[in-house]
Structures are given as structure tokens and as C-alpha cells.
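Only one structure is covered here, and it is reproduced in the block below.
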Amino acid sequence: MAAAPRWRERLFALYFISHIPITALIDLQPLLPAGIAPRALTDLLQQYATSFRDPLMLQPPEWFKAFIYCEAFLQLPFFPIAAYAFLKGGCRWIRTPAIIYSTHVATTLFAILAHILFHDFSKAEHAGPQTLRERLALLSIYLPYLLIPLLLLFTMLCNPHYKHVEKRKRK
């Protein structure tokens, strides 16, 4: 039986482990009341948003807030579970949750990337990307959060290790 490629499992483990502090400390800030997050973290978010011209994180539209709520209540609890499964390696039970996670994230990222590429940010309160170069720079920040879940989905659907279903003996 083919084993799951360890390099992919290690990549997925690193992805989920790194996603925990990023989500908890940065991504969830737009949902918090002003003044709740420590000053150092709000400054970090402000610096990021200014450097990469990402108004979505400073003044998110309602549809983007909905994605952040999904990240908080659906994805964040899944991150340590997935990190454990991929660090341990060979855990077939992660297949269905990983498929659900990766399709959910890919769907949200398609909407975010389309918004970055095609939205007119000229009227935004916070500076958004104006030039193609600025849009591509911002896109490069979000793109790994699409590509790794797509690789995860491909692995769960196509790798024989994860596709294998144990047959039960009839009595």
C-alpha cells in the first residue's frame, strides 16, 4: 500500500501550526472591539495593511467579516487537529475533514482573490492596491492560502494512501 508522501504531510503540518498564531493574533482582529487587541498586534496589522495596501484587514466589508467568522469558529478549531494528524503521519481519518476544510478555504479564497484583482479601491477609506504591481503583491500574500489547501485537496482525493477504504469482513 502506498504511504502518504512525508514531505507533503510535513508541509501540511507546518501550514496548520503556523496558521494558529496568524489566525488568533492577526486575522481575528477585525472582529474584536477597538482597544481589545494589544497595541503591538494592532500596530503589526496596521503596518502589514499599509505595506501591502490591504484594506480588507483594516475595514473589512461584511462578506469578508463572514469569512473571518468562519476562520474563527470552523477553521481555528481544526488547525491543531490537522497539525497533529499530519505530524503523526499516515492518519487516514483526517481525509474527510481535510476535504471539507480545503474546499471551504479554496472557495473563500477565490472570492478574496477576485476582489483583490477586480475591485475599484479608489474610494476605500484605507489605501488599497491601485496598480497591477500592487494587486499582485497583495495577491502573493493570499495565494499560499489557496495553493496549499488545493494541494491538500488533491492529496486527499488522489493519493492511494488516503483513498484506501478498509473492507469489513462479513460474518
Requested in this report: Return the total of residues in the stretch 105-123 being surrounded by 16 or more Cβ atoms within 10 Å (Cβ to Cβ) and of a type in the set (Ser, Thr, Tyr).
Outcome: 1
Query raised in the report: Restricting to the stretch 12-50, what's the tally of residues that are surrounded by fewer than 18 Cβ atoms within 10 Å (Cβ to Cβ), among the small types (Gly, Ala, Ser) and either in contact (Cβ under 8 Å) with a residue 24 or more places away in the chain or in a helix (DSSP H, G or I) (or both)?
Result: 3
Report summary line: Scanning the stretch 58-83 residue by residue, those of a type outside the set (D, E, K, R), within 21 Å of Gly35 (Cβ to Cβ) and free of Cβ contacts under 8 Å to residues at least 40 places away in the same chain turn out to be Pro60, Tyr69
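Within the stretch 114-143, which residues are of a type in the set (D, E, K, R) and not in a loop (DSSP other than H, G, I, E, B)? Don't jump to the end; show me each part of the working.
First pass over the stretch 114-143, keeping only residues of a type in the set (D, E, K, R): 120, 123, 125, 133-135.
Hits for the stretch 114-143 are Lys123, Arg133, Glu134, Arg135.
Could you check how many residues of the stretch 55-71 are modelled with pLDDT of 95 or more and either open to solvent by less than 20 Å² (accessible area, probe 1.4 Å) or hydroxyl-bearing (Ser, Thr, Tyr) (or both)? Full working, then the answer.
Within the stretch 55-71, the first condition is being modelled with pLDDT of 95 or more, and the residues that meet it are 62-71.
Then keep just the ones that are either open to solvent by less than 20 Å² (accessible area, probe 1.4 Å) or hydroxyl-bearing (Ser, Thr, Tyr) (or both); that gives 64, 68-69.
So the count comes out to 3.
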Query raised in the report: Can you name the condition, by its number, that Ile99 falls short on among (1) surrounded by fewer than 19 Cβ atoms within 10 Å (Cβ to Cβ); (2) under 20 Å from Trp7 (Cα atoms); (3) over 17 Å from the mean Cα position of the chain (by Cα)?
Result: (3)
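The values are calculated or read from the model by the stated rules, or taken from the named source; none is laboratory data. As the structure is a computational prediction, the values presented were derived from the model and not from experiment. Note: ideal-geometry Cβ built from the backbone for every residue, glycine included; neighbour counts use all protein chains shown. Remember, those area values only see protein heavy atoms, side chains included, never the ligands or the DNA or RNA. Shrake-Rupley method; radii C 1.70, N 1.55, O 1.52, S 1.80 Å.
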